[in-house]
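First comes the structure, then the notes that go with it.
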C-alpha cells in the first residue's frame, strides 16, 4: 500500500486577483507563503519518502513546505498540472461571468457541456490525474508520498474516485488552498481516507474564509471585476473625476498627465457587472530597460472598497506587464496617503526608495516566475 497526501497549492495570484489561471504560470501571494509555513509545520513530524509536484511555479513553491524541510528532491511533471482552461486562461473570472455565464455554470457543475475553445475535457482531466497517481503509487509501494497539484484537478479526481459521473461533480466541494487529502492506494485501488482538510490554517490564513463565492449555488462571485480598455471619447470624464479624488503622484511630476491615451500609457476601466468601479493606468514604456513596469494611476470608487476588489486591479497590471516580459511592478505613493501605502504593502509591494526627504514612497512588487 502507498499513502499519498494530495495537496492543493497555496493561495496564488489567480486566487487573490480572481483570474482564471488554469495552466497559466503564476506565483503564490504573501498570504500563500504564510499558508506554506503552516503546511510545513503540519508535516514537520510526518515521515515522507518522496515529493511530486506539477511543474507550475505556484505548486513548486508550495511543495517547498515538504521537500526542502525534509531534505528531499522535488519531482515535477506536467501530468499534475491544473485543467487547461483554453481561451479563458488569464482572463478575469468576471469576464466569464459577464460574457459566458452559461459556460461558467457548466465548468463548475456540468463539465460534459463545457465547450470553451482549447479546454481540456473532464474525461481527459480525470484520466490524467488518476494515471499519474497510480504511477506514483506503483513506484513508491509501501512508502508515503506528498503530491502537490491544483484545485480543479483535485476536485475532478476525487469525484472520479467516488464513482460519480461528470454531472455529479457538484457533489464534490471545492477545497481551500493547501488543503490536504489522504489516499491509500493498493493494487490500483484508491481509497480516500479524508479530503479537503485545512485544519492547519487559522481563519486569517484561509483563502476560503475571505471569499464566499464557493458557497453560492451558481459559484459566481458578484465582486469579480472585468475590464474595458479606456476610450478617450467616452471615458475621459470618469477618468478625471477619479483623478480629482486622489493624490497619487510620481517622483518627477504629477502622473498621469492629461490623459492616459497614448504617450506609452494604457488604461482599463474596471467593471463590476455593468457599472464602472474604478480605473487603472499603466505606463508601459517607463522602466522597461530595468525589467519593470509602472502603475501611473489606480483608483476604486468608494462604494466598491472593502469588497476584495482593489486587489484585482493589481492582477490586471500583473497580467499586462508579464506579457511584456517585465518582472517587477513599481508605484509611487504619497507618504501622506497611509491607506494607499498600507494597501500596496499588504499586496506584497516592498519599499524600494530610502529617500527620507521625498514626499512619496517608491514601492515595488516582484512578479518574476523564477523559483528554485
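The values are calculated or read from the model by the stated rules, or taken from the named source; none is laboratory data. Values in this document were obtained by computation on a predicted structure and should not be read as measured data. Neighbour counts run over all protein chains shown; Cβ positions are idealised from the backbone, glycine included.
Looking at region 163-173, can you tell me whether even one residue there is in a loop (DSSP other than H, G, I, E, B), in contact with a strand residue (DSSP E or B) (Cβ under 8 Å, 6 or more places away or on another chain) and without any contact (Cβ under 8 Å) to a residue 24 or more places away in the chain?
Taking every residue of region 163-173 in turn, none turns out to be in a loop (DSSP other than H, G, I, E, B), in contact with a strand residue (DSSP E or B) (Cβ under 8 Å, 6 or more places away or on another chain) and without any contact (Cβ under 8 Å) to a residue 24 or more places away in the chain.
Taking residue 317, is it outside the structural domain of residue 92 (by TED's automatic domain parsing) and under 14 Å from residue 227 (Cβ atoms)?
Yes: the conditions hold for residue 317.
Please work out if residue 298 is surrounded by fewer than 21 Cβ atoms within 10 Å (Cβ to Cβ), modelled with pLDDT under 95 and farther than 20 Å from residue 15 by Cβ.
No, not satisfied.
Out of 35, 23, which single residue is assigned to a loop (DSSP other than H, G, I, E, B), at pLDDT 95 or above and under 17 Å from the mean Cα position of the chain (by Cα)?
After ruling out the rest, the residue left standing is 23.
What's the number of the only condition in (1) at pLDDT below 90; (2) closer than 17 Å to residue 331 by Cα that residue 308 fails to meet?
With (1) at pLDDT below 90; (2) closer than 17 Å to residue 331 by Cα applied to residue 308, the lone miss is (2).
Each row is one residue, and each column tells you yes or no for (1) at pLDDT 95 or above; (2) out of contact with any strand residue (DSSP E or B) (no Cβ under 8 Å at 6 or more places or on another chain); (3) outside any strand (DSSP E or B).
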site	(1), (2), (3)
236	no, yes, yes
250	no, no, yes
267	no, no, no
317	yes, no, yes
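Of the conditions (1) in contact (Cβ under 8 Å) with a residue 60 or more places away in the chain; (2) in contact with a helix residue (DSSP H, G or I) (Cβ under 7 Å, 6 or more places away or on another chain); (3) at positive phi, residue 142 fails just one. Which one is it?
Evaluating residue 142 over (1) in contact (Cβ under 8 Å) with a residue 60 or more places away in the chain; (2) in contact with a helix residue (DSSP H, G or I) (Cβ under 7 Å, 6 or more places away or on another chain); (3) at positive phi leaves (2) as the failure.
So the check is Cβ under 6 Å with 6+ separation or different chains; which pairs have a first residue in region 212-239 that's in the same structural domain as residue 319 (by TED's automatic domain parsing) and within 19 Å of residue 274 (Cβ to Cβ) and a second one that's at pLDDT below 60 and buried (at least 18 other Cβ atoms within 10 Å of the Cβ)?
230/260
Suppose we filter region 331-346 for residues that are surrounded by fewer than 21 Cβ atoms within 10 Å (Cβ to Cβ) and either on the phi > 0 side of the Ramachandran plot or without any contact (Cβ under 8 Å) to a residue 60 or more places away in the chain (or both); how many remain?
7
When region 340-372 is examined, which residues are found to be over 20 Å from the mean Cα position of the chain (by Cα) and assigned to a helix (DSSP H, G or I)?
Selection gives 340, 341, 342.
Could you check region 290-303 and list, in sequence order, the residues that are without any contact (Cβ under 8 Å) to a residue 40 or more places away in the chain and in contact with a helix residue (DSSP H, G or I) (Cβ under 8 Å, 6 or more places away or on another chain)?
293, 295, 300
Evaluate region 119-135: report whether one residue or more is part of a loop (DSSP other than H, G, I, E, B) and either free of Cβ contacts under 8 Å to residues at least 60 places away in the same chain or surrounded by fewer than 15 Cβ atoms within 10 Å (Cβ to Cβ) (or both).
Yes; the residues of region 119-135 include at least one that is part of a loop (DSSP other than H, G, I, E, B) and either free of Cβ contacts under 8 Å to residues at least 60 places away in the same chain or surrounded by fewer than 15 Cβ atoms within 10 Å (Cβ to Cβ) (or both).
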